[in-house]
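Scroll down for the structure; my scribbles are underneath it.
Throughout, read-outs are computed from the coordinates displayed, never taken from laboratory work. Quantities reported herein were computed from a predicted structural model and do not represent experimental measurements. Glycine gets a Cβ as well: all are built from the backbone with ideal geometry, and neighbour counts include every protein chain shown.
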Amino acid sequence: MLTSELIRPRLRIHGSNLRIEMVNEQDPSLQQKAQDLINIFNRYQSQSQAAWEEAVRAYEGANVDYIFIRGLAKVLTDAAVFKPLTAPLPPATLREHIFSYGPVFEKPDLFHPTTRQQVLREVADTLELSLDEIDEIMFADRGASYRLMDTGPAWTPSTLLARYNLELARGALYWASHITIEVASNYKDLWKFIKFFKLMFWAQPGQDGGYRVDLDGPISPFVSSTLRYGRQLAAFLPALLLCEHWQMQAYVRPPQARGEILYRLDHSCSLRSHFKSSGTFDSRLEEEFACEFEQKMGEKRGHWRMVRESEVILLGDTVMVPDFVLIDTRDEKRRILIELVGFWHPNYLKRKVEKVRAANCARLLLLVYQGLNLTEETFDGTASEVIFFQNKPVLKEVMQTVEAMANRIYGPCPKLKRTKKTK
Amino acid sequence: MEASVFFQGGTLVLQDNNQVEQISILFQFVKNRWRCEAYRYHEIVSWMKEQGIRNSVPRWQPLKLDLHDTRELHEYQVKALDAWKQGNGRGSIVLPTGAGKTLVAVHAIHHVSASTVVLVPTTSLLYQWYALLTNVFQTEIGVYYSSEKRVHPLTVTTYHSAGDLIAEYGNSFKLLICDEVHHLPARTWGEAALMTPAPFRLGLTATYPEEHEQVGERWRLDELIGPIVYTQQLETIVGKQLAEYRTQRVRVDLTPQERATYESLHETYLGFVRDRELQRKYGADWLRELMRLSAIDPHARRAMLARRQLLALLESCQGKYAALEELLREHAGERILVFTESNAVAYTIARKYLVPVISHETGVAERKHILEAFQAGRYSVIATSKVLNEGIDVPEAKVAIVIGGGVSKREYLQRLGRILRKKEPLQAVLIELLVRNSIEEGKVQRRQVPREKR
């Protein structure tokens, strides 16, 4: 991520709104500069980080767009791998050796009869190194001496400029005290990243489906607009870009603003995420279950439609995202949630059971693998239904239970004329 | 379910409060839960008892600590410690740099005999505490900062990393020690103390912020740590416990060529500042304005570049290296610290004179090695960039040479304090290298330092 001094100059304040001066990814002159930097970077393969930074400074010259140039360079540097030189002996050992002679000078005196040159030659001889090697190894473990080993992704001017824009947007969040997002899909990924970046969330169902989620940290309510979680919020932003429909409001206090102002973004922006969205299925078991459902119950063969992870059960400071939602196509209000409890680690299982108990959700059907040491008593007192299975869930049994649950919760479905397919 | 209070990310959360008759006014209903800041812990203990609420906050543990330290406390240290104990183990002790604040803290830890977290401003100090606690208690000491994260019942962390440590392990420590506690009222610095439930708290500093210095800051020190329990001024101790010191200024000339470069850079830089009347229009913010302009106006950009080159020239002109070399020869055999403004110059000195360097890049293991070797006399010179600025313990240093200009008053005093920290009453000297007829001389005049002898 960019350092704050590379972000600050690109922030524009309009009343109570923050705008970021992003770059036009199509601008030929900017494309040229991006290409120049990519070329320089590639030329510095296997050279030191200090040398690369020096080259950037030279490229910058006395130009006034140095903030932009440094920003691109930082993006390149962050995505690359720099490694220390493999030295015949640890640099610290060499230093210990050499510095035991210091201070020494070019010219000897009474108290320093040995000159610097003599010391270096002596050490070189003892360690069987050349003077050049000594010079090179002496501080080879400093970050500045690390060599550029891997330049990272195959950058093009467009991808570099696009990533730079994303990093600018992230940078605005360094000064965020909290953000509010509205989302309508991709809950599992979102939840995964919210937890990963240790943010605290507060979700409410939105007006037109979806959820409105406030994100900050535990101490936030007490330290008015603490920026403690700004870095985590910035790190989180690409996760939001994985969603299809979303909007975000960030409450920010950049240094040049007098008070709290708003930074807004939504899915119409051109930013692209570099996070990978997780695959459709978490496990083989889920995938097979979904396939079997499609084969046997999909299309016109039944009146249930299967949707992946499209509902969230809110549980105070955590959530549960059931694997599947079955929607009755005759009456879309009739929805049964299905959670597959497969071959999991005992700790994970323990948390899962706690969540099921906390959810106490009558619409939830659990399909539990029998080899898990879980018995029916485990789920005693919860409103959810449980089916145990041995190898894989038996679809027929599952569908029977789903029908029964729907009838129990929603009452019998009025016999309708065959409805049109909802797809 | 029985009501309980637990620790979460720096807050205390009340759970299953149906049976609780009266919820303490310190709690707020936030995000579906009753919460309060963790530092309020000591205020809610009796309320929890009254209401029969299970206290799930403490995860701290009693420790059996043996003091492997032969140093006896001085009278003022004993008084300071007693005053802190009298204040129920809450409050700040104000002692001058070098008067043995850490030793007082060690005894405070021993007194509480429970898991303790120490907050320090720099990694140098983190190392120093780490080494001291390791020696004194002969047990494994945790460190938690940017490059290493190991948590033990006795852990040292930097203010910068403390928030993350406390958010996760805040309730593992019964005693909180804040070194250089004057930083605490500032934005973000105090958050970790706010997030810690530790009922015992000790602040240490040489410069307790005045009342007016705390106005407008986020927190007041006494709220987070407790009141000042003991104060001892510098004058009382100098001559008894600390060595006398003197300062000396060495003025050097630029070579004719450097002078020409200097004048040209000076004109580009300050000429622009003068022409645009930045100082008149923007007052103390003029440099920030220049920086802002440099991203828009090519003249401003050139002025900024000239400024950077000018500062680099002043720090690494030939005259300063010549003077440094003379001083190193003159003080041969004595323990010398060389302070630089930039990393680059510190490493240049290391290569040029083959002396060890300590910068913010130096890991704890090598830092330990260098300082111990310096103490033992195997190294007589250490070059260091800004890292040794705050209260590092280098008792053997007798001479400090300051190469870079641009030293603020507090920094200056801290550097002084460091070479003052002596074992025997030898006179210490701080030597400042200045370029004659340059902006460096102006800086010195603006700085008021007491007790100077020319």
Inside 10 Å of the C-beta atoms of A:103-113, what's the mean count of C-beta atoms belonging to other chains?
4
Taking the Cα centroid of region A:160-228 and of region B:322-351, what is the distance between the two, rounded to the nearest whole Å?
50 Å
Net charge of neighbours whose Cβ lies under 13 Å from the Cβ of A:ALA58, counting Lys and Arg as +1 and Asp and Glu as -1
-1
Quick check: residue separation of B:ILE296 and B:ASN437 times 0.36 nm, minus the Cα distance between them. What number comes out in nm?
47.6 nm
Using each residue's phi in region A:53-58, evaluate 6.51 cos²θ - 1.76 cosθ + 1.60 at θ = phi - 60° and report the 3J(HN,Hα) Karplus result to the nearest Hz, with x for Gly and Pro.
5, 5, 5, 5, 4, 5
Could you tell me how far the Cα centroid of region B:23-45 sits from the Cα centroid of region B:48-84, in Å?
24 Å
For A:LYS107 paired with B:HIS266, estimate the spin-label separation in nm (one decimal), with each label point 7 Å from Cα along the Cα-to-Cβ line.
2.9 nm
Arranged from highest to lowest average of other beta-carbon atoms within 10 Å per residue, in what order do the peptides B:199-206, A:44-51, B:182-189 appear?
B:199-206, B:182-189, A:44-51
By how many degrees, between 0 and 90 and to the nearest 10, does the Cα long axis of helix B:123-137 differ from the longest principal axis of chain B?
50 degrees
Rounded to the nearest 0.05, what FRET efficiency do B:ALA344 and B:GLU168 give with R0 = 35 Å and r taken as the Cβ-Cβ distance? Could you check?
0.40
Principal-axis tilt of helix A:157-172 within chain A, Cα atoms, nearest 10 degrees
80 degrees
Distance between modelled label sites at A:ILE409 and B:GLU75, nm, 7 Å Cα→Cβ extension
8.0 nm
Could you please rank A:SER268, A:SER4, B:SER124, placing first whichever residue has the fewest other Cβ atoms within 10 Å of its Cβ?
A:SER268, A:SER4, B:SER124
Assuming R0 = 30 Å, can you tell me the calculated FRET efficiency for the pair A:GLU288 and A:ARG212, based on Cβ-Cβ distance, to the nearest 0.05?
0.30
In nm, to one decimal, how far is the modelled label at A:THR378 from the one at B:ASP275, with both set 7 Å along Cα→Cβ?
7.8 nm
Nearest-0.05 FRET efficiency for A:LYS192 and A:ALA154 at R0 = 35 Å, using Cβ-Cβ distance, is 0.80
Which of B:MET195, A:MET149, A:MET138, A:MET1 comes first, and how do the rest follow, when ranked by fewest Cβ neighbours within 10 Å?
A:MET149, A:MET1, A:MET138, B:MET195
For B:337-348, mean number of other protein chain Cβ atoms within 10 Å
1
Length released on extending from B:ASP16 to B:GLN318, taking residue separation times 0.36 nm less the Cα-Cα span:
101.5 nm
Of all trypsin sites (Lys or Arg not before Pro) in region A:219-271, the ones in DSSP coil with at most 15 other Cβ atoms within 10 Å are A:ARG258
Tally Lys and Arg at +1 and Asp and Glu at -1 over the other residues with C-beta under 13 Å from the C-beta of A:LEU110: what net charge comes out?
0
Relative contact order as a percentage, chain A, C-alpha pairs under 8 Å and 6+ apart, gives 13 percent
Residue-averaged beta-carbon neighbours from other chains (10 angstrom radius) around A:207-220:
3
Net charge over other residues, Cβ less than 11 angstrom from the Cβ of A:LEU94 (K, R count +1; D, E count -1)
-4
Roughly how tilted is helix A:346-359, in degrees to the nearest 10 and between 0 and 90, from the longest Cα axis of chain A?
50 degrees
Can you sort B:TRP60, A:TRP344 from fewest to most other Cβ atoms within 10 Å of each residue's own Cβ?
A:TRP344, B:TRP60
